[in-house]
Amino acid sequence: MADLIQDQLLQARGDLSFQLGLMWETIKAPLIVPMLKLGVIICLAMSLMLFMERLYMGVVIVLVKLFWKKPDKRYKWEALPDSIDDIETGGSNKFPHVLIQIPMFNEREVYKVSIGAACNLSWPADRMVIQVLDDSTDPVIKDMVELECQRWASKGLNIVYQIRENRVGYKAGALKEGLKRDYVKHCEYVAIFDADFRPEPDYLRRAIPFLMYNPELALVQGRWRFVNANECLMTRMQEMSLDYHFKVEQEVGSSTHAFFGFNGTAGVWRIAAIDEAGGWKDRTTVEDMDLAVRASLRGWKFVYLGDLQVKSELPSTFKAFRFQQHRWSCGPANLFRKMVMEIVRNKNVRFWKKVYTIYSFFLVRKITAHMVTFFFYCIILPLTILIPEVEVPIWGSVYIPSVITILNSVGTPRSIHLLFYWILFENVMSLHRTKATLIGLFEAGRANEWVVTEKLGDSQKNKGNAKEKSAGVKAAVRKARSKILDRMNFLELIVGVFLFSIGWYDFLYGKWSYYVYFFLQSITFFIVGFGYVGTFV
């Protein structure tokens, strides 16, 4: 009797497997294969778009470095008096009034160094107003920041501690409210530094003359320099991505079109340009990019100074990094949705500048780059292993990605040995960025989510003590480990299981030998999925 039941169960299982197999064969040829082929074509087209963009950037940056004049040669620039005697004998009249804005939100670790850096700027005290815009919700931190402002004010600095009743508009709201104050109406320019940014004393002396002598310029943008790039493997990966942005993308935009996205900090604006562009708006999470695009559409030009470097801090915890990347991916997509037709209809700028802004700046860099990385290398390519009827040409799966990766690596030659892991890490992050991009494009629920990036302070100041050097990071890691579920990222784990399964299938039955990549990529997804990416110091 038992044998009979067992035979019936085996027969039922066989029938079910047969039915499922028959159903799969029935829909595969007319439906699955054509859909997958269409996906391959779309992804190859996007890969070519990204490839041509990177190639264009590479060619232009080489030409810029070899033949283009430096910014102080392309624009009129004269040094301001650098002698104290000149200032005391009336030289300060040659210095325009400048407003320094430092937006803050519960910045316990970095408020002192940021305020101190602003107060140490080499600029006549009677020609500079330092405005600390504190939206902190912690009363203890608010008292600490206010006391620090009072300490510098007692030394003769014109520093004002400014708070609001609410956080409407977040950073954009704070900056907008700060410009309304009567005591800044006489200021011609405004320099903006986030709480973890520390300009060198000569920052204003090098940047302001561009605005003084070139009335068509609205913005001077400095470059970020990362004090904690060596903190852990995750910060090294961030450095590689951001160095390409600053050394190539910003440089090319400034040199060829006098347009690029304002980075939200380490820049000096002409206040008249801000007013003409409509002021700060909080309709997206990239208020800096929003203002830059609107100012550009009114004919204003920008200049990027790659040698004007400002110290800053990279996110040292993966949670903080994910929040930052959500904002940086969702915001541009949402802004593109809101402004694309305004850019098309604009009559104040040249046709090619509009093409550059829509196609290169937004479509390729802010949307296509994220989507093709995830869908092609983590979804479409693995599925072709299961369906051998669909083939991906070798140039699309290997050659083009290799060239794109090499071109991306030029910004950080010291990390060239980390290039392979950087590829795997960027592929994992493309899932998070693609999700954020789609949220921005369709203006879904988290489109306007704003989480301030956590700062842990400059660990490099403790170089002599290795334990102190990584204390902030390790403390944050221990805190994260106390809540396992909070640390885990389930989407990454699901994709990791999918790629690991595809890897085994390709190893056993496949013909393309992509299983090495699938295994390594799945391991990276697991590392991120379990929240351990920021622990490799």
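Counting alpha carbon pairs within less than 8 Å and at least 6 residues apart, what relative contact order, in whole percent, applies to the stretch 96-197? For the stretch 96-197, the relative contact order is 46 percent.
For Trp395 and Leu491, the FRET efficiency from 1/(1 + (r/R0)^6), where r spans their Cβ atoms and R0 equals 41 Å, is about 0.85. Stretched out straight at 0.36 nm per residue, the stretch from Ser513 to Lys69 would grow longer than its current Cα-Cα span by 155.0 nm. Counting only protein heavy atoms and a 1.4 Å probe, the stretch 163-216 has 43 square angstrom of accessible area per residue. Taking amide H as placed 1.01 Å from N in the peptide plane, Asn106 has its amide H under 5 Å from the amide H of Asp135, Ser136, Thr137, Asp138, each at least 5 places away in sequence or on another chain. In the chain the Cα-Cα distances spread across 20 Å bins starting at 0 as 19, 51, 23, 6, 1, 0 percent of all pairs. So which of Lys70/Lys311; Lys73/Lys185; Lys176/Lys319; Lys73/Lys353; Lys142/Lys180 end up more than 25 Å apart by C-alpha? Where the Cα-Cα span goes over 25 Å, the pairs concerned are Lys73/Lys185; Lys176/Lys319.
The order of Trp352, Trp504, Trp422 by accessible area, most exposed first and with a 1.4 Å probe, is Trp352, Trp504, Trp422. Excluding ligands, DNA and RNA, the accessible surface per residue across the stretch 235-325 is 22 Å² with a 1.4 Å probe.
Our estimate of slack between Ile42 and Glu276, defined as 0.36 nm per intervening residue step minus the Cα-Cα distance, is 80.2 nm. The stretch between Tyr505 and Leu419, if pulled fully straight at 0.36 nm per residue, gains 28.3 nm over its current Cα-Cα span. For Gln131, the amide hydrogen comes within under 5 Å of the amide hydrogens of Ile100, Gln101, Ile102, Val160, counting only partners 5 or more places away or on other chains and with H modelled in the peptide plane.
Span-like helix check, the chain: qualifying full DSSP H segments, with Cα axial length of 30 Å or more and mean Kyte-Doolittle of 1.0 or more, are 33-66. Rounded to the nearest 0.05, the FRET efficiency derived from the C-beta distance between Val410 and Ile32 at R0 = 41 Å is 0.55.
For the stretch 197-234 versus the stretch 298-338, the inter-centroid distance based on Cα atoms is 14 Å.
The stretch 491-527 and the stretch 381-411 have Cα centres spaced 15 Å apart. Only beta bridges with both residues in the chain are counted; by DSSP, about 25 percent of them are antiparallel. Just the protein heavy atoms count here, and of the accessible area of the chain at 1.4 Å, carbon and sulfur take up 61 percent. When all protein chains stay in place and ligands, DNA and RNA are ignored, the 1.4 Å accessible-area order of Asp307, Asp282, largest first, is Asp307, Asp282.
The values are calculated or read from the model by the stated rules, or taken from the named source; none is laboratory data. Remember, predicted model here, so these are calculated numbers, not experimental data. Positions of Cβ are backbone-derived with ideal geometry, glycine not excepted, and every protein chain shown enters the neighbour counts. Quick note on the areas: whole protein, heavy atoms, side chains included, nothing else; ligands and nucleic acids left out. Shrake-Rupley method; radii C 1.70, N 1.55, O 1.52, S 1.80 Å.
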